[in-house]
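Chemist: Sharing a structure with you now.
The values are calculated or read from the model by the stated rules, or taken from the named source; none is laboratory data. Here the structure is a predicted model, which means the values were calculated and not measured. Please note: Cβ atoms are built from the backbone with ideal geometry, for glycine as well, and neighbour counts cover all protein chains shown.
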C-alpha cells in the first residue's frame, strides 16, 4: 500500500494536490493540505504520482506503507 | 532569568543527581572518577551497554525514549560524531537542567564523555541558550577544570544557540550546529540517526546524561531501587504556580502527582495541575493521585514531558491561563509550517474569546475543528503540544467552558497569571 507524505516545511499552500486528488487530500481553512489517513486505493496511485510531480514546491512524496501501520 | 532554586534535593536511598559537590575535586572524591574505558575497549563497550540496558533509563527531555536504543542507533551511525548535550530547556516553567548544570556540571559532562566513548564520538557539545550566563559560566568553569585535570578524553565545547522554545528540538539543534539555522527538520523517519554534516549526532537532555554518569558508577540496581519496574529511577521536576516554595525537586518515578505538588506547599486547594509544561496537559483533581510515570500519565491523556508540575490555585481562570499559553506557543513557532503558523494563533484567539466570554455561535465547533486539523501537521511536535494543552483545558475546565460559553466568564481571568512566561513576552 502507498501513502502520501507531505513535507509541511516545503508546502506553501498552492493547493494543486487537493484539486488533482480530492479523494485523498482536502485543504484546511488556510489552504494547506490535509491527507486522510486511509490507505491509498490502487486506482488512485497514478493520480497521486501526478500530484507529487506537479507540486510547485515538491512537497509531496509517495511512500510504501510500512506493515501494520 | 528568574532565580534558580532548589526546593529540596533529598530522595530516599543513595541514588541521587542533586546534592553532590560542584567542583571537580569534590565530585571525584565523592563519586569516584567516571568509569571510562582503559585497555580493553570492546569489553568496556559491551559492559556499558548492558548496564544502560538493564537500568531501563528513558530520556528525561520529553520524549522518554529508551537511552540504550538511542545509543545503539548512534553507534550504528559510525565514528567521529558529536554528543550534543541539550540544556536548551525551552519550557518557561522548567529550571531542572539549569540547576543541574549549575550544581552538578561534572555529572552531566561525565555522562556525555561515557556516551562519546561508547559511540567513538570525537567531541562533546553543550548547548546553553544565549542569555543564560549563570549556567554558561558554571559549564565553562567545569570544562576548564576537566581540561586541566585530563578528565576529558574528547574535546568539550560550550555553544550558545538562540533562546527560543523550539531551538531545543533535537533536529533544530543539530541543524543550528551545522548551519546556524535554528529550525526543526521534517523527518518522517524519526528512527534514523541525526547528522551534523556527514557525521552522526547523539542529542541527549542534560538530565539524561547525569543519569548515565550515575548508573555507570552505581550499576543498574541502585537506579532501579527507585521508581517503578516499568519506569525506574528518579526524575527532576520543577514545581511552580500557586505554591509557597517553587523550585526543583528530585522525585522517584511513580510518585503521585499531588505528592510532588505538596513538596512545594500549595497556597490553596489546587483546582488543577499542569503536568509536562506548556506542551503538556492539565490534570483534573480526580487524577491527582496518578503516579508520575509515562504509562500512568498516558492513561489519563497526559505526558511526563519535561519534568514540570504547575499548581493552579483556586483563584485563577484555567481557560484564561490556557489562552495565555496558547498565545505564547503560537509566538514560539519556528514559522516553517502553515498549520502551525496560522493554526496556533487562530486557536489562541478562540481560547481568548472563550475565556473572556466573547463567544459567537460557531466558536466551539470551530475551535474543535482547528484542534483536530492542526495536530500532527508540523515538521516537529510543537503544534501538537499546544493542541494537547488546549484540549486538556477544554476537558478539565469543562464546567468553566459551559459558563464562559454562555457569556458569563468567571472574573478570575483579569488577574495576574499564576504561570511563568519569559520577561520579554507579553500575554495578549
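Chemist: Hey, can you tell me all the residues within segment B:128-154 that are surrounded by 14 or more Cβ atoms within 10 Å (Cβ to Cβ) and more than 26 Å from the chain's Cα centre (by Cα)?
Modeler: B:145, B:146, B:151, B:152, B:153, B:154 - these are the residues of segment B:128-154 that are surrounded by 14 or more Cβ atoms within 10 Å (Cβ to Cβ) and more than 26 Å from the chain's Cα centre (by Cα).
Chemist: Residues of segment B:155-181 being within 14 Å of chain A (Cβ to nearest Cβ) and within 19 Å of the chain's Cα centre (by Cα), which ones?
Modeler: Narrowing segment B:155-181 to residues within 14 Å of chain A (Cβ to nearest Cβ): B:166, B:169, B:171-172, B:175, B:181.
Passing the criteria: B:166, B:169, B:171, B:172.
Chemist: If I ask for residues that are more than 14 Å from every other protein chain (Cβ to nearest Cβ) and in contact with a helix residue (DSSP H, G or I) (Cβ under 7 Å, 6 or more places away or on another chain), which ones from segment B:317-336 would you list?
Modeler: B:317, B:318, B:319, B:320, B:322, B:323, B:325, B:326, B:327, B:329, B:332
Chemist: Does residue B:197 meet the test of being at pLDDT below 90, over 17 Å from the mean Cα position of the chain (by Cα) and assigned by TED's automatic domain parsing to the domain that holds residue B:110? Lay out the reasoning, then the answer.
Modeler: Numbers: at pLDDT below 90: yes; over 17 Å from the mean Cα position of the chain (by Cα): yes; assigned by TED's automatic domain parsing to the domain that holds residue B:110: yes.
Criteria met by residue B:197.
Chemist: Looking at this structure, is residue B:422 assigned to a helix (DSSP H, G or I), in contact with a helix residue (DSSP H, G or I) (Cβ under 9 Å, 6 or more places away or on another chain) and not assigned by TED's automatic domain parsing to the domain that holds residue B:92? Let's see the steps before the verdict.
Modeler: On the way: assigned to a helix (DSSP H, G or I): no; in contact with a helix residue (DSSP H, G or I) (Cβ under 9 Å, 6 or more places away or on another chain): yes; not assigned by TED's automatic domain parsing to the domain that holds residue B:92: yes.
It is false that residue B:422 is assigned to a helix (DSSP H, G or I), in contact with a helix residue (DSSP H, G or I) (Cβ under 9 Å, 6 or more places away or on another chain) and not assigned by TED's automatic domain parsing to the domain that holds residue B:92.
Chemist: Inspect segment B:278-287 for any residue being within 15 Å of residue B:235 (Cα to Cα), crowded, with 24+ Cβ neighbours inside 10 Å and not assigned by TED's automatic domain parsing to the domain that holds residue B:62 and give the result as yes or no. Outline the logic, then answer.
Modeler: Of the residues in segment B:278-287, the ones within 15 Å of residue B:235 (Cα to Cα) are none.
Checking segment B:278-287: not a single residue is within 15 Å of residue B:235 (Cα to Cα), crowded, with 24+ Cβ neighbours inside 10 Å and not assigned by TED's automatic domain parsing to the domain that holds residue B:62.
Chemist: Looking at (1) within 13 Å of chain A (Cβ to nearest Cβ); (2) in contact with a strand residue (DSSP E or B) (Cβ under 9 Å, 6 or more places away or on another chain), which is the only condition residue B:397 fails?
Modeler: Against the list (1) within 13 Å of chain A (Cβ to nearest Cβ); (2) in contact with a strand residue (DSSP E or B) (Cβ under 9 Å, 6 or more places away or on another chain), residue B:397 comes up short only on (1).
Chemist: Test residue B:355 against the criterion of being more than 11 Å from chain A (Cβ to nearest Cβ) and either closer than 24 Å to residue A:12 by Cβ or in contact (Cβ under 8 Å) with a residue 12 or more places away in the chain (or both), and give yes or no.
Modeler: Working: more than 11 Å from chain A (Cβ to nearest Cβ): yes; either closer than 24 Å to residue A:12 by Cβ or in contact (Cβ under 8 Å) with a residue 12 or more places away in the chain (or both): yes.
Taking the combined requirement at face value, the residue satisfies it.
Chemist: Among the residues that make up segment B:116-131, is at least one of them at positive phi and outside the structural domain of residue B:241 (by TED's automatic domain parsing)? Steps first, answer last, please.
Modeler: First pass over segment B:116-131, keeping only residues at positive phi: B:120, B:131.
Subset that is outside the structural domain of residue B:241 (by TED's automatic domain parsing): B:120, B:131.
Yes.
Chemist: Here is a check on your reading of the model: is residue B:380 within 12 Å of another protein chain (Cβ to nearest Cβ), crowded, with 17+ Cβ neighbours inside 10 Å, within 25 Å of the chain's Cα centre (by Cα) and at pLDDT below 95? Show your work before the answer.
Modeler: On the way: within 12 Å of another protein chain (Cβ to nearest Cβ): yes; crowded, with 17+ Cβ neighbours inside 10 Å: yes; within 25 Å of the chain's Cα centre (by Cα): yes; at pLDDT below 95: yes.
In short, yes.
Chemist: For the subset of segment A:14-50 comprising residues that are surrounded by fewer than 17 Cβ atoms within 10 Å (Cβ to Cβ) and under 15 Å from residue B:374 (Cβ atoms), which member is nearest to the other protein chains (Cβ to nearest Cβ)?
Modeler: A:30
Chemist: Touching a residue at least 12 places away in the same chain (Cβ under 8 Å) and closer than 16 Å to residue B:203 by Cα: does that describe residue B:136?
Modeler: no
Chemist: Pick from segment A:1-13 the residues that are touching a helix residue (DSSP H, G or I) at 6+ places or on another chain (Cβ under 8 Å) and over 11 Å from residue A:52 (Cβ atoms): which of them is nearest to the other protein chains (Cβ to nearest Cβ)?
Modeler: Step by step, filter segment A:1-13, then rank; the result is A:8.
Chemist: Just to be sure, is residue B:387 assigned to a helix (DSSP H, G or I) and away from chain A (no Cβ under 12 Å)?
Modeler: yes
Chemist: Continuing with the same structure: Hey, can you tell me all the residues within segment B:363-376 that are within 12 Å of chain A (Cβ to nearest Cβ) and farther than 10 Å from residue B:343 by Cα?
Modeler: B:366, B:369, B:372, B:376
Chemist: Oh, and also: Within 14 Å of chain A (Cβ to nearest Cβ) and modelled with pLDDT of 95 or more: which single residue out of B:266, B:339 fits that description?
Modeler: That would be B:339, the only listed residue that is within 14 Å of chain A (Cβ to nearest Cβ) and modelled with pLDDT of 95 or more.
Chemist: Go through segment B:271-340 and tell me which strands (runs of 3 or more DSSP E), entirely inside it, have 2 or more residues that are under 24 Å from residue B:226 (Cα atoms). Break it down into steps so the answer makes sense when it comes.
Modeler: Values: elements: B:272-275, B:281-283, B:308-312.
Strands (runs of 3 or more DSSP E) meeting the threshold: B:272-275, B:308-312.
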